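*Asks:* Structure provided below as structure tokens; questions to follow.
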Amino acid sequence: MDFKDLLVLFFALIFLRLWWRYWSITGGGPKNLPPGPPGWPIIGNLGQIILQRRPFIFIVRDLRAKYGPIFTMQMGQRTLVIVTSSELIHEALVQRGPEFASRPADSPIRLIFSVGKCAINSAVYGPLWRTLRRNFVTELINPNRVKQCSWIRKWALENHIKRLQKEAFEKGFVEVMSNCRLTICSVLICLCFGAKISEDEIKKIESVLKDVMLMTTPKLPDFMPVLTPLFRKQLKEAKELRKKQLECLVPLVRRRKAFVESGGKSSGTNVEMASPIGAAYIDSLFGLEVPGRGKLGEEELVTLCSEVINAGTDTSATTVEWALLHLVMNQEIQEKLYKEIVEHVGKEGLVTENDVEKMSYLGAVVKETFRRHPPSHFVLSHAATKETKLGGYNIPEDASVEFYTAWVTEDPGMWEDPNEFKPERFLVGDGVDVDVTGNRGVKMVPFGAGRRICPAMTLGTLHVNLLLARMVHAFKWVPVPGAPPDPTATFAFTVVMQNPLKAVILPRVKG
Ligand code: HEM
């Protein structure tokens, strides 16, 4: 080896060292990003995440202990800034809400399902998002509309109770999650399309939309867009699933459109258009002009209605399942709740939407469930509208900002015995006066906070309250003999019970 070779080797080693340093140190440096775990060249922390084979939420929980209230993870080409403290979440989402109100870029797969970000949850912060969200709020969840559509919940809950009775008769126990998903899904389909459809059709839609959710959860190409051409098979599968989604929902769009255009005449099909013209969410979308796109096409209509069904089904069903787990495990809480329900409607009365609003213990049980088991541990990914600072660090415009809101509900500095399930804390303890919107401070924000807060917070809570009250009013819930419930949690879009809750139901009123 002559001197020239040695010189080349020397510079190559220096280059390699600098290159490794550049890629492996996540935070600090000239970019002044928040600190974070050292990564590997090019793929950053992605390799470590994949090798751990644990849901991301559990990895983040461990990293929070080491890196504190704000840290960076370099996931391939994507920079994730994770924010975990109550103060920083409040500063970003509420005090400086508009600055952090956007959404990051979507992967090619997600773009297929959102028709290029034409959905409330994925639209960037701007005129399209504003128009879609305003329409959603005025047409779907204003108090008059909610009242007008209360018959839908009454109908779905009657079916729900009958289905539970049948399942208990056939199997000796009932599965909570699958039944609640089906019922909530049927309510949301009817709110969107105004149609009462058969249980088989509801199951078909539910299953396709569940596949859509799984398909759109982050995967390798989301973090390494340069590798997208290598994932042609996944892209093809996504397009096939989108076709299936359209085949499932476009007929409903067309039937509703025909119903509206005919002035409310029945089409003679097996689908009963039960909501009057104007009462279904989709009726408002037929005529809506959105900035940059004009009138919405069938593809966009399917995306916007799927968004409602997806956003509202798992979140509410998960909450009911966790609440019932605690009621099954703690009969004292269940009896206290049953007593309250009977005080309001009697043993044989029917629990209505007006009744549940007045039940304070029910409210406390549901709030404690949202605190102890927030359906999503992160709100959806946010993005800054332009490069900014948070906690003294730079937040690049193209970074995904992830708010780990579940941590604040586990923080022993904020909650007494945070791991205990104690509904009473919302009547006389540390939960009284908690602002779940996060406006006055972030102590629990199961619906997010600020500009992007869940627009259907009251509707979601109503669904949970009603389901729970009706189920406890109709049956006493007890463990399956020899098979006590397992409270282990896992991630499946929302944070669910790893082994879905099964329980024996005993009719409260014999007859
Ligand atoms: C227990 C029930 C529910 C929970 C816990 C829940 C929770 C959430 C959360 C955490 C977000 C993200 C907020 C953010 O990114 O900062 C969100 C957004 C959203 N939710 Fe809900 N949700 C529930 C029910 C519903 C229902 C029933 C619907 C529809 C009828 C719905 C529609 C939406 C929409 C459209 C967004 C996107 C808002 C935006 O980006 O501007 N949610 N929800």
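*Asks:* Among 176-187, 226-237, what's the highest-first ranking by average C-beta atoms within 10 angstrom per residue?
*Replies:* Going from most to least packed, we get 176-187, 226-237.
*Asks:* List the trypsin sites (Lys or Arg not before Pro) within the range 314-347 that fall in a DSSP loop (any state other than H, G, I, E or B) and whose Cβ has at most 13 other Cβ atoms within 10 Å. All intermediate terms of the calculation are to be shown ahead of the outcome.
*Replies:* Values: sites: LYS336, LYS339, LYS347; in loops: LYS347.
The qualifying sites are LYS347.
*Asks:* Beyond a 27 Å Cα-Cα separation, which of these cross-linked pairs lie in this structure: LYS154/LYS502; LYS147/LYS243; LYS203/LYS502; LYS117/LYS233; LYS154/LYS239; LYS154/LYS204?
*Replies:* LYS147/LYS243; LYS154/LYS239
*Asks:* Another question about this same structure. Applying a 10 Å radius around every beta-carbon, put 151-163, 73-85 in order of their mean neighbour count, most first.
*Replies:* Answer by packing, highest mean first, reads 73-85, 151-163.
*Asks:* Check cross-link reach from LYS443 to the lysines: straight Cα distance under 28 Å, and skip same-chain residues fewer than eight apart.
*Replies:* LYS66, LYS336, LYS358, LYS367, LYS386, LYS389, LYS422
*Asks:* Taking a Cβ-Cβ separation under 4.7 Å as the criterion for a possible partner, which cysteines of the chain have none?
*Replies:* By the Cβ distance rule, which asks for a partner under 4.7 Å, the isolated cysteines are CYS118, CYS149, CYS180, CYS185, CYS190, CYS248, CYS454.
*Asks:* The range 397-445: which trypsin sites (Lys or Arg not before Pro) are DSSP loop and have at most 14 other beta-carbon atoms within 10 angstrom?
*Replies:* Sites meeting the loop and neighbour criteria: ARG440.
*Asks:* Which of the DSSP-defined H helices in the chain satisfy a minimum axial length of 24 Å, computed from C-alpha atoms, and a minimum mean Kyte-Doolittle hydropathy of 0.0?
*Replies:* Passing helices, by number: 3-24, 176-193, 298-329, 457-474.
*Asks:* For LEU459, what charge total do you get from the other residues with a beta carbon under 12 Å from its beta carbon, if Lys and Arg give +1 and Asp and Glu give -1?
*Replies:* +2
*Asks:* In deg cm²/dmol, rounded to 500, what helix-only [θ] at 222 nm does the chain give when every DSSP H run of at least 4 residues adds -39500 (n - 2.57) and the total is split over its residues?
*Replies:* Mean residue ellipticity at 222 nm (helix-derived): -16500 deg cm²/dmol.
*Asks:* Rounded to the nearest 20 debye, what is the charge dipole size of the chain about its Cα centre when +1 sits on each Lys and Arg Cβ and -1 on each Asp and Glu Cβ? Each step should come with its number before you reach the end.
*Replies:* Details: 65 positive and 54 negative charges, 195 e Å.
Dipole magnitude for the chain comes out near 940 debye.
*Asks:* Which whole-percent values make up P(r) of the chain when all C-alpha to C-alpha distances are grouped in 10 Å steps starting at zero?
*Replies:* 4, 17, 27, 26, 17, 6, 2, 1, 1, 0
*Asks:* So which GluC sites (Glu not before Pro) in the range 372-429 end up in coil per DSSP with only 15 or fewer other C-beta atoms within 10 Å?
*Replies:* GLU387, GLU397, GLU416, GLU420, GLU424
Any read-out appearing in this document is the output of simple, stated calculations on the displayed coordinates, not a laboratory observation. These numbers come from a predicted model, not from an experiment. With ideal geometry, Cβ positions are generated from the backbone for all residues, glycine too; neighbour counts draw on all protein chains shown.
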